1. Which residue pairs have Cβ atoms under 7 Å apart, sit 6 or more places apart or on different chains, and have a first residue in the range 60-79 that is within 20 Å of Lys46 (Cβ to Cβ) and a second that is of a type in the set (Lys, Arg)?
2. From the set of residues in the range 53-93 that are of a type in the set (A, V, I, L, M, F, W, C) and either more than 28 Å from Glu21 (Cα to Cα) or at pLDDT below 85 (or both), which is surrounded by the most Cβ atoms within 10 Å (Cβ to Cβ)?
3. Looking at the structure I just gave you, is Ile94 in contact with a helix residue (DSSP H, G or I) (Cβ under 9 Å, 6 or more places away or on another chain), aliphatic (A, V, I, L, M) and outside any loop (DSSP other than H, G, I, E, B)?
4. Among the residues of the range 52-85, write down those that are acidic (Asp, Glu) and within 19 Å of the chain's Cα centre (by Cα).
5. Being surrounded by 10 or more Cβ atoms within 10 Å (Cβ to Cβ), out of contact with any Phe, Trp or Tyr (no Cβ under 7 Å at 6 or more places or on another chain), modelled with pLDDT under 85 and aromatic (Phe, Trp, Tyr): is that true of Phe40 here?
6. Out of the residues in the range 1-57 that are of a type in the set (S, T, N, Q) and not in a helix (DSSP H, G or I), state the one that is nearest to Ser67 (Cα to Cα).
Amino acid sequence: MNRKQQLEQKGILVLRDSDEEKEIEFELNFLSSLSLPQRFLMMQNKTQELKNNLEKNGHKRIDIFFSYLDDMIKMKKAAGRNIDLEDLKYLKEIKKRKAAN
């Protein structure tokens, strides 16, 4: 087994050049491999990290809201900006994978 294969087996993506499609595919595969408790723990940790960063930078009141996937898809469609339409491709892929599981 070569070094690249060893790293990828540990969940580390190795790319010679930037490849957004491979990065997203890797991320989606990683996230879908997590159990529900693991995903919630990761979300809790990232939320706390975000709150700490906001407080550290002078924000006093911090409310963080999450959207359901279907709601996020509707909001991205409604916004209609190029960046939102680009996000839609990946959100739809996530929804498709969730339905398959």
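The values are calculated or read from the model by the stated rules, or taken from the named source; none is laboratory data. Just so it is clear, the model here is predicted, and its values are computed rather than measured. Neighbour counts are summed over all protein chains in view; Cβ atoms, including those assigned to glycine, are modelled from backbone coordinates with ideal geometry.
1. Matching pairs, first to second residue: Ile62/Lys51; Ile64/Lys51; Leu69/Lys95.
2. The first filter runs over the range 53-93 and keeps only residues of a type in the set (A, V, I, L, M, F, W, C), leaving 54, 62, 64-66, 69, 72-73, 75, 78-79, 83, 85, 88, 91.
Remaining after also requiring either more than 28 Å from Glu21 (Cα to Cα) or at pLDDT below 85 (or both): 54, 62, 64-66.
On the way: Leu54: 14, Ile62: 12, Ile64: 10, Phe65: 4, Phe66: 8.
Here the residue is Leu54.
3. Working: in contact with a helix residue (DSSP H, G or I) (Cβ under 9 Å, 6 or more places away or on another chain): yes; aliphatic (A, V, I, L, M): yes; outside any loop (DSSP other than H, G, I, E, B): yes.
So Ile94 passes the test.
4. Our first condition is that a residue be acidic (Asp, Glu); within the range 52-85, this holds for 55, 63, 70-71, 84.
Within the range 52-85, Asp70, Asp71, Asp84 meet the criteria.
5. Working: surrounded by 10 or more Cβ atoms within 10 Å (Cβ to Cβ): yes; out of contact with any Phe, Trp or Tyr (no Cβ under 7 Å at 6 or more places or on another chain): yes; modelled with pLDDT under 85: yes; aromatic (Phe, Trp, Tyr): yes.
So Phe40 fits the description; yes.
6. Step one: of the range 1-57, the residues of a type in the set (S, T, N, Q) are 2, 5-6, 9, 18, 29, 32-33, 35, 38, 44-45, 47-48, 52-53, 57.
Still in the list and also not in a helix (DSSP H, G or I): 2, 18, 35, 57.
Details: Asn2: 41, Ser18: 30, Ser35: 20, Asn57: 25 Å.
It comes out as Ser35.
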